[in-house]
1. Name every residue in the stretch 254-287 that is touching a residue at least 40 places away in the same chain (Cβ under 8 Å) and hydrophobic (A, V, I, L, M, F, W, C), in order of residue number.
2. Examine the stretch 170-193 for a residue that is basic (Lys, Arg), open to solvent by less than 30 Å² (accessible area, probe 1.4 Å) and outside any loop (DSSP other than H, G, I, E, B), and state whether such a residue exists.
3. On the given criteria, is GLY286 at pLDDT 90 or above and of a type in the set (Gly, Ala, Ser)?
4. Run down LEU164, LEU157, LEU134 and say which single residue is at pLDDT 90 or above, more than 18 Å from THR183 (Cα to Cα), under 24 Å from the mean Cα position of the chain (by Cα) and in a helix (DSSP H, G or I).
5. Six or more apart or on different chains, Cβ under 6 Å: which pairs go from a residue in the stretch 89-114 that's closer than 18 Å to LYS387 by Cβ to one that's open to solvent by 30 Å² or more (accessible area, probe 1.4 Å) and acidic (Asp, Glu)? Could you list them?
6. Quick check: is even one residue across the stretch 269-277 open to solvent by 50 Å² or more (accessible area, probe 1.4 Å), modelled with pLDDT of 95 or more and of a type in the set (Val, Ile, Thr)?
7. Looking at (1) open to solvent by less than 20 Å² (accessible area, probe 1.4 Å); (2) in contact with a helix residue (DSSP H, G or I) (Cβ under 6 Å, 6 or more places away or on another chain); (3) closer than 23 Å to SER353 by Cβ; (4) in a helix (DSSP H, G or I), which is the one condition that is false for VAL117?
8. Is the stretch 204-214 home to any residue that is open to solvent by 80 Å² or more (accessible area, probe 1.4 Å) and assigned to a strand (DSSP E or B)?
Amino acid sequence: MGCSASTVSKPTVPPSPCQIAPPGLPLSTSRPGSTASTPVANAVAVASSSPPTTSHASTTRVETPVVTTSVQTTATTTVVASTAFSRPITIGLMLDKRKMEFTNSLIQVGRREGLSVLSLDEDALPTAAAVDILLHKMTGELVLRTLDPLCDAAKKLTLVENYLRKYPTIVVVDPLSRLEVLTDRQVMATKLRTANLPEHVKIPEDWYIDLGAPDATSEDEKLRLIRDTNIVFPTICKPIMACSVPGSHDIHICMTETHLARLTGRQQVQRFYNHKGVIFKCYVIGDFITTNHKSSVRNLSREDKSLTGALRFDSQVMSDERLFPPIKHTVQPIPDSIVRDSVKAIEAALDISMFGVDFIVDEESGDIFVIDINYFPGYTNVANLEKTMLDHLLFVHNKVKLSNAPAPR
């Protein structure tokens, strides 16, 4: 199973090499090897770009190898006169073991770019020196702390928060306070409905229901609750907690009230829209946007007698070809302009800069639905990921420093 992709990329900030001139002196743009060149790590810059140009992504068949189509941007980079750093920018990483390969690659690429990139251990934070930028993925710790304020994850968060209070100039990407909304699917969906999305881009109709602990509620009681909620079937059901707890990635497709009544716990119940078995995966790092498509749940009908119960799958696997058949038709991609405008609206509503968005296109209406948001995803098939990430971190850092505002927490 392959996928096709289109990419909208932002100008790197700052372009390497560049030099900051002290106030009153001209800027030098010498190439590496000249006496005037300065490593990118020692520069403070702000990139300002005109709206990216767009191109229509070509349609491809999914059986072909992965092809990435770049959509070039028309941009200029403005280097603002400021005091240059006298040392390399230091980037601290607090990423879990699942991102160990990425962590090691980022350290290596950072060194080649003249940056100091290091992995931080939470146990050493009380005596650790300050870094300039902290890159993390601590959504899991935020979830676990809400469930048990005394758990190890909560203690780790406390160490990080104390470290940031000790060094208030550290730029955090993304600020912890902005990520809590992403840990609860109900809170996140409510926030997404405030986004200024393009016409025909929508949030699915959904309901929230607590089906109780196993054996704590009878099926008849659940059925009464479901009927009173006026849920439209078929549905796709997800646990309210979006990550890091057992079952958070367990997804159920329920064709009837009876199927739904067999579930337990707090559920987000989304209306299911037939979408020709295609999902569009969009990855975002600041102004860098790339999309690809892959197999999704096949079209469903309530008359399908083979669907005798709730269909369960893991959203991180999706390998059962009976539910996720290979794509054999030509896929029409979502226009780049709609993807970009949707991403910018989501970015503004949630105030985050690194995330994944899942889109589907309703076969009946043609409406585009945002069905999920994931913070700091795996960025599958993203070329030059480490360089793109480092450019983004520098961009955020420089933007905060030049604003003279306190670093967000």
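1. CYS254, MET255, LEU260, ALA261, LEU263, VAL269, VAL278, ILE279, PHE280, CYS282, VAL284, ILE285
2. Yes: one or more hits.
3. yes
4. When all the criteria are applied, what remains is LEU164.
5. SER105/GLU386; LEU106/GLU386; VAL109/GLU386
6. Checked against the condition, which is being open to solvent by 50 Å² or more (accessible area, probe 1.4 Å), modelled with pLDDT of 95 or more and of a type in the set (Val, Ile, Thr), the stretch 269-277 yields no hits at all.
7. Tallying (1) open to solvent by less than 20 Å² (accessible area, probe 1.4 Å); (2) in contact with a helix residue (DSSP H, G or I) (Cβ under 6 Å, 6 or more places away or on another chain); (3) closer than 23 Å to SER353 by Cβ; (4) in a helix (DSSP H, G or I), VAL117 fails exactly one: (4).
8. Yes; the residues of the stretch 204-214 include at least one that is open to solvent by 80 Å² or more (accessible area, probe 1.4 Å) and assigned to a strand (DSSP E or B).
The values are calculated or read from the model by the stated rules, or taken from the named source; none is laboratory data. All of these numbers come straight from a predicted model, not from anything done at the bench. FYI the Cβ positions are ideal-geometry reconstructions off the backbone, even for glycines, and counts take in every protein chain you see. Ligands, DNA and RNA are excluded from the accessible area calculation, which covers all protein heavy atoms including side chains. Shrake-Rupley method; radii C 1.70, N 1.55, O 1.52, S 1.80 Å.
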